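Take a look at the structure set out below.
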Amino acid sequence: MTPLLLVEDDPSVRSMLSTFLELEGYAVEAVSSTREALERLSRRSYPLVVSDIYIDNRTGIDILHAARESSPETKVILMSARGSMETVMAATQGGAYDYLAKPFEFDDLLKILKRAEGAAAVDDEELEPEEPLPTEMIGSSPKM
């Protein structure tokens, strides 16, 4: 099960998303405030973070920065019902993997998460050392 930190202040949305994501095989840790999210991120890293942008006196952008500082490989998906173009730009410039405007379909979130997991796998492969290419000659020619 892939660990996922969910940050959502609305209890009903948090509950629905947690249930859906757990049924899809994620190990969800759900919190309702930026303070709780920042505490969790200070203790461990998560491969995936899904966070509302407008939560309390701090924002999902703060969570984005903390998650990326904790682990640069963390994929952060931000969501908001009050998003503006400036918000989307701030999210992407801050390193968010993706942005979802509320309301959204569960399947849309799932597609983004699967794509993020695939991107993380590619990132891991890029870290693996490549085998050296063979340096032997394959053929010969009279001119050689």
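The values are calculated or read from the model by the stated rules, or taken from the named source; none is laboratory data. This one's a predicted model, so the numbers in the text were calculated from it and none came from an experiment. Here the Cβ positions follow ideal geometry from the backbone for every residue, glycine too, while neighbour counts run over all protein chains shown.
Restricting to region 9-48, give me the number of residues that are surrounded by fewer than 17 Cβ atoms within 10 Å (Cβ to Cβ) and among the β-branched types (V, I, T).
So the answer is 2.
Condition check ((1) touching a Cys at 6+ places or on another chain (Cβ under 6 Å); (2) of a type outside the set (A, V, I, L, M, F, W, C); (3) over 19 Å from R14 (Cβ atoms); (4) modelled with pLDDT of 90 or more) across all residues:
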| site | (1), (2), (3), (4) |
| --- | --- |
| V28 | no, no, no, yes |
| S33 | no, yes, no, yes |
| N57 | no, yes, no, no |
| A81 | no, no, no, no |
| S84 | no, yes, yes, no |
| K111 | no, yes, yes, yes |
| E131 | no, yes, yes, no |
| T135 | no, yes, yes, no |
| G139 | no, yes, yes, no |
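So which of T87, T74 ends up being β-branched (V, I, T) and either surrounded by fewer than 20 Cβ atoms within 10 Å (Cβ to Cβ) or over 22 Å from K114 (Cβ atoms) (or both)?
T87
Has region 41-63 got at least one residue that is of a type in the set (V, I, T), assigned to a loop (DSSP other than H, G, I, E, B) and in contact (Cβ under 8 Å) with a residue 40 or more places away in the chain?
Going residue by residue through region 41-63, those that are of a type in the set (V, I, T) are 49-50, 53, 55, 59, 61, 63.
Now restrict to residues that are assigned to a loop (DSSP other than H, G, I, E, B): 53, 55.
Checking the rest, the ones that are also in contact (Cβ under 8 Å) with a residue 40 or more places away in the chain come to 55.
Looking through region 41-63, at least one residue is of a type in the set (V, I, T), assigned to a loop (DSSP other than H, G, I, E, B) and in contact (Cβ under 8 Å) with a residue 40 or more places away in the chain.
Out of (1) closer than 20 Å to P3 by Cα; (2) in contact with a Lys or Arg (Cβ under 9 Å, 6 or more places away or on another chain); (3) modelled with pLDDT of 90 or more, the odd one out for A119 is which?
All conditions are met except number (3).
Go through region 49-71 and count every residue that is buried (at least 20 other Cβ atoms within 10 Å of the Cβ) and small (G, A, S).
Total meeting the criteria: 4.
Go through region 66-90 residue by residue and tally those that are more than 12 Å from the chain's Cα centre (by Cα) and not polar (S, T, N, Q).
10
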